[in-house]
Structure formats: C-alpha cells, structure tokens
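Undergrad: Dumping the structure here so I can ask a few things about it.
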Amino acid sequence: MTLTVRVISPDKTVWDSTAEEVVLPSTTGQLGILSGHAPMLSALDTGVMRVRADNSQNWVAIALSGGFAEVEEDEVTILVNGAEQGDSIDIEEARSAFSEAQTRLNQVSQGDRQGQIQATQTYKRARARFQAAGGMV
C-alpha cells in the first residue's frame with residue numbers, strides 16, 4: 001500500500017504524488033510515516049522532509065520552513081510556510097547562504113534576543129536548504 005503525499009506552500013504545491021514512506025522534521029524530532037499510520041496532526045519544524053517514492057530506494061529531499069502535517073487514511077497533507085525540492089536548489093548558493101548564516105549566528109551578542117531569534121531562524125532555513133540540496137548528510 002502507498003501513501004498520497006501533498007506538500008503545499010502559500011504560493012504552490014511542491015509535491016503531489018504517492019510514496020512508500022515519509023520522514024518529517026516535527027518539532028519533537030524526526031517522524032516516520034508509513035501506510036496504515038494512525039490519524040495524527042503534528043507541528044513541523046524548519047528542516048528536511050524525505051520522501052521515498054513508490055518501489056524505489058531513492059529518497060527525495062524537500063526543505064520545509066515550518067508548518068503542520070496531517071495524516072489520515074493513508075493521506076499525508078503538509079501545509080508549510082515555504083518549501084523547495086532539493087534538486088531545484090543550487091548547492092553552491094545554498095552552501096554560501098549556510099556559511100553566512102552560521103557566521104551571523106555566531107556573531108550575535110547574547111544580549112540581543114531579537115537578533116538571536118532572527119539569526120537562528122535564518123540559520124535553520126539555510127541549513128535545511130543546504131541539506132536538501134545534498135550538501136550535508
């Protein structure tokens with residue numbers, strides 16, 4: 001049996017296909033979904049979602065920017081603030097953005113709470129894009 005998986009961002013549907021398995025970056029850790037999974041609603045963190053398409057050993061990586069996932073009757077619906085398929089991300093641009101975000105996060109002063117929050121969010125987004133592009137395991 002397979003899952004129907006849809007990843008929907010405000011401006012487009014990033015993924016709409018069947019899959020054997022899905023691994024999501026939930027706010028409490030990695031969450032694996034297989035056919036027959038119990039109904040569930042979960043908050044998602046910024047990170048990389050991995051989808052294993054039908055009868056394939058290949059995984060598709062999708063960078064997600066927070067949102068929610070609903071699982072019901074072998075349908076996985078993922079509503080996110082932003083998403084990009086890894087194969088559409090320029091790895092060198094993603095590497096550069098990740099490096100810059102890492103530097104910025106390390107330079108933010110301890111007393112600048114707002115700056116720390118913004119730098120952390122930028123870092124998480126850049127890391128997810130770089131990972132999805134294949135730059136990190």
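The values are calculated or read from the model by the stated rules, or taken from the named source; none is laboratory data. Nothing here was measured: the structure is a model prediction, and the numbers come from that model. Glycine gets a Cβ as well: all are built from the backbone with ideal geometry, and neighbour counts include every protein chain shown. Ligands, DNA and RNA are excluded from the accessible area calculation, which covers all protein heavy atoms including side chains. Shrake-Rupley method; radii C 1.70, N 1.55, O 1.52, S 1.80 Å.
Undergrad: If you keep only loop residues by DSSP, which trypsin sites (Lys or Arg not before Pro) in region 1-92 have at most 15 other Cβ atoms within 10 Å of their Cβ?
TA: LYS12
Undergrad: Using the Karplus curve 6.51 cos²θ - 1.76 cosθ + 1.60 with θ = phi - 60°, work out ³J(HN,Hα) for each residue of region 82-95 in order, rounded to whole Hz, and write x for Gly and Pro.
TA: x, 7, 9, 6, x, 6, 9, 9, 6, 5, 6, 5, 5, 4
Undergrad: Between (1) 12, 26, 12, 7, 10, 13, 12, 7, 1; (2) 11, 42, 38, 9, 0; (3) 13, 40, 31, 12, 3, 0, which entry matches P(r) over Cα pairs in 10 Å bins from 0, in percent as derived from the coordinates of this structure?
TA: (3)
Undergrad: Which cross-chain or sequence-distant (5 or more) residues have an amide H under 5 Å from the amide H of ASP74, H modelled 1.01 Å from N in plane?
TA: Placed amide hydrogens put GLY36, HIS37 under 5 Å from ASP74.
Undergrad: Right, another one. Each residue of region 113-119 in turn: what ³J(HN,Hα) in whole Hz from Karplus with 6.51, -1.76, 1.60 and θ = phi - 60°, glycine and Pro shown as x?
TA: Using θ = phi - 60°, the values come out as 4, 5, x, 5, 5, 5, 5 Hz.
Undergrad: Any chance you could run the full-extension gain for GLU20 through SER96? It's 0.36 nm times the residue separation minus the Cα-Cα distance, nm to one decimal.
TA: Going from the current span to full extension adds 24.0 nm.
Undergrad: Among 30-39, 107-116, 75-84, 126-135, what's the highest-first ranking by average C-beta atoms within 10 angstrom per residue?
TA: 126-135, 75-84, 30-39, 107-116
Undergrad: Relative contact order, percent, of region 3-87 when contacts are C-alpha pairs under 8 Å separated by at least 6 residues?
TA: Relative contact order for region 3-87 comes out at 32 percent.
Undergrad: Counting pairs of alpha carbon atoms under 8 Å apart in space and at least six apart in sequence, what relative contact order in percent does region 18-137 give?
TA: Here the relative contact order equals 23 percent.
Undergrad: For the chain, what is the accessible area per residue in Å² when the probe is 1.4 Å?
TA: Spelled out: the 1.4 Å probe surface of the chain, per residue, equals 56 Å².
Undergrad: Counting Lys and Arg as +1 and Asp and Glu as -1, what is the net charge of the other residues whose Cβ lies under 12 Å from the Cβ of GLN118?
TA: After counting each charged neighbour, the total is +3.
Undergrad: Let me ask something else about it. What's the local net charge at GLY134, with K and R +1, D and E -1, over the other residues with C-beta under 14 Å away?
TA: So the surrounding residues net to -1.
Undergrad: Could you state the number of Å between the C-alpha centres of region 118-137 and region 34-60?
TA: So the two Cα centres are separated by 19 Å.
Undergrad: Quick one: with all protein chains in place, what share of the accessible area of the chain is carbon or sulfur, to the nearest percent (1.4 Å probe)?
TA: Accessible surface attributable to carbon and sulfur in the chain totals 46 percent.
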